[in-house]
Amino acid sequence: MAPKLYGSKASPPVRSVLMCAKALGLELELVPINFQAGEHLSNEFLKKNPQHTIPVLEDDDGFVVPDSHAINGYLVAKYGKDDSLYPKEDYKLKATIDHRLHFDSSILFSRASAISRPLILKGIKPTQEKFDDLKEALGFLERIFTENKTDFVAGNKPTIADFSIVSSVTSYSGLVPYTDFPNVKAYIERFQKLPCYEANKEGLTELENYFTILLKKA
Ligand SMILES: N[C@@H](CCC(=O)N[C@@H](CS)C(=O)NCC(=O)O)C(=O)O
């Protein structure tokens, strides 16, 4: 039985897991969660994730993991042919990957979500300050590449940190264009050539169309 992934393809963190699964050659069963119908607030879903966010993974033995960053680490450990996407033994590389994952969680996606969450859930138009905060976060990412001169965000090979950063950066490009940041632009273009990027495409288009409609209404 394929592990279940609760969520929607439009969600950036859900797509980070879809890219990870694609890179691992792992099939997941996507179980849709409808925000408009309040399914994320149902008792059944809150038992799996009290924070009521998607994605949530439910493995074939019933083990539940909320949060895309935690899910991707788990998937590599359980289903990876090797641990190159999230190495256990190379503790320095692992620390760098962990930094990028926390950067996504606490800064990049968090600032992007400060724009999209009120817009999606309450139709509230984002203030300029929120856009400026996200632009600053992209500036931090630009600087990571300027200083380290690596092909990917934690070195010269893709890791789970790239799934998170790429899904966040591409998702908000219509609001704050990453193309204004030359190193970030080159990085995204490099990552888009990988076969796993395919898993980001459909949901990204869905989200972009959704943003266009919501911003017109707000
Ligand atoms: N750190 C979490 C963030 C997940 C998240 O915020 N997901 C959004 C959708 S993109 C959500 O479920 N929001 C519903 C809510 O906050 O109630 C992760 O990486 O999984």
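The values are calculated or read from the model by the stated rules, or taken from the named source; none is laboratory data. Here the structure is a predicted model, which is why all the values come from computation and not from measurement. With ideal geometry, Cβ positions are generated from the backbone for all residues, glycine too; neighbour counts draw on all protein chains shown. Surface areas here come from the heavy atoms of the whole protein model, side chains and all, with no ligands, DNA or RNA. Shrake-Rupley method; radii C 1.70, N 1.55, O 1.52, S 1.80 Å.
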task = For every other residue with a beta carbon closer than 14 angstrom to the beta carbon of Asp59, add +1 if it is Lys or Arg and -1 if Asp or Glu, then tell me the sum.
result = -2
inquiry  = Give me the net charge for the shell around Ser168: Cβ to Cβ below 12 angstrom, other residues only, Lys and Arg +1, Asp and Glu -1.
reply    = +1
³J(HN,Hα), Karplus 6.51/-1.76/1.60, whole Hz, each residue of segment 117-123, x for Gly, Pro = 4, x, 5, 6, 7, 10, x
remark   = Probe 1.4 Å, heavy atoms of protein chains only: per residue, the accessible area of segment 91-217 in Å² is 51 Å²
task = Over segment 4-79, with every protein chain in place, what whole percent of the accessible area is carbon and sulfur at 1.4 Å, could you tell me?
result = 52 percent
ask   = For the chain, treating each Cα as an identical point scatterer without solvent, what Debye log10 I(q)/I(0) comes out at q = 0.07, 0.10, 0.11, 0.19 1/Å?
value = -0.20, -0.42, -0.51, -1.54
query = How big is the gap, in Å, between the Cα center of segment 90-121 and the Cα center of segment 35-62?
reply = 20 Å
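Tally up the carbon and sulfur contribution to the accessible surface of segment 91-217 as a whole percent, 1.4 Å probe, everything protein left in place.
54 percent
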message = Tell me the relative contact order for the chain as a rounded percent, counting alpha carbon contacts under 8 Å between residues six or more apart.
response = 26 percent
ask   = Under a point-charge model restricted to the Cβ atoms of Lys and Arg (+1) and Asp and Glu (-1), what is the dipole moment magnitude of the chain relative to its Cα centre, in debye to the nearest 20?
value = 480 debye
ask   = Near the amide H of Val31, under 5 Å away, which other amide H atoms are found, from residues 5 or more places off or on another chain, if H is placed in the peptide plane?
value = Leu5, Tyr6, Gly7
ask   = GNM on the chain, C-alpha springs below 10 Å: top fluctuator among Ala112, Ala21, Ala37?
value = Ala37
task = For n ≥ 4 DSSP H runs only, could you compute -39500 (n - 2.57) per run for the chain, divide by its residues and tell me the 222 nm figure to the nearest 500?
result = -17500 deg cm²/dmol
task = Rank these residues by their accessible area, most exposed first, probe 1.4 Å: Glu208, Glu198.
result = Glu198, Glu208
query = Among all stretches of the chain without exposed trypsin sites (Lys or Arg not before Pro) (DSSP loop, at most 15 other Cβ atoms within 10 Å), which one is longest?
reply = 1-80
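For the pairs Lys9/Lys88; Lys94/Lys216; Lys135/Lys217; Lys130/Lys201, note any where the Cα-Cα span goes beyond 32 Å.
Beyond 32 Å between Cα atoms: Lys94/Lys216.
Would you tally the net charge around Pro118, using a Cβ to Cβ cut-off of less than 10 Å, leaving Pro118 out, and scoring K and R as +1, D and E as -1?
That sum, taken over residues with Cβ under 10 Å, equals +4.
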